[in-house]
């Protein structure tokens, strides 16, 4: 499980190596500076996500950023936004670590398809690891207890 990058501040996410590939990303909110620290399973982890998209981790993290900024497009980030509706305050304490999987997501070659399957499986392995350590899912992966900003706002608006 220690195949993750070192933690980087949210603003430095595009400097991560190999973010053009699919993979897993883990997001933490921490008052402590995690920048450059070795990845560890810590309670400050608030979200585990994955992507097999053509845009890779870079594209998915951009969707996440757009959503916490106020647009739509990422369900997990919509849950963050419910609690943290001030983008600047949130990103001061936001960190990300990634685990990329090198493959061609546009390919139908068995080798690439198997790697994409490993990405999906690895996300669940990460959930299991977190739950084993902390006895619950990361806060914003818990759909039952973590409402989406957009859905709540619609209910209030349509009252």
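The values are calculated or read from the model by the stated rules, or taken from the named source; none is laboratory data. Every value quoted in this text rests on a predicted model; they were computed, and no experiment measured them. Because the Cβ atoms are built from the backbone with ideal geometry, glycine has one as well, and the counts that use them run over all protein chains shown.
Structure values in brief
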item: Of residues in segment 83-95 being touching a helix residue (DSSP H, G or I) at 6+ places or on another chain (Cβ under 8 Å) and at pLDDT 95 or above, the one surrounded by the fewest Cβ atoms within 10 Å (Cβ to Cβ); result: 87
item: Residue that is surrounded by the most Cβ atoms within 10 Å (Cβ to Cβ) [pool: residues in segment 54-82 that are assigned to a loop (DSSP other than H, G, I, E, B) and at pLDDT 95 or above]; result: 55
item: Subset of segment 96-124 (residues that are loosely packed, with under 12 Cβ neighbours inside 10 Å and touching a residue at least 40 places away in the same chain (Cβ under 8 Å)); result: 102, 106
item: Residue 47 being at pLDDT below 95, under 20 Å from residue 139 (Cα atoms) and either in contact with a helix residue (DSSP H, G or I) (Cβ under 6 Å, 6 or more places away or on another chain) or assigned to a helix (DSSP H, G or I) (or both); result: no
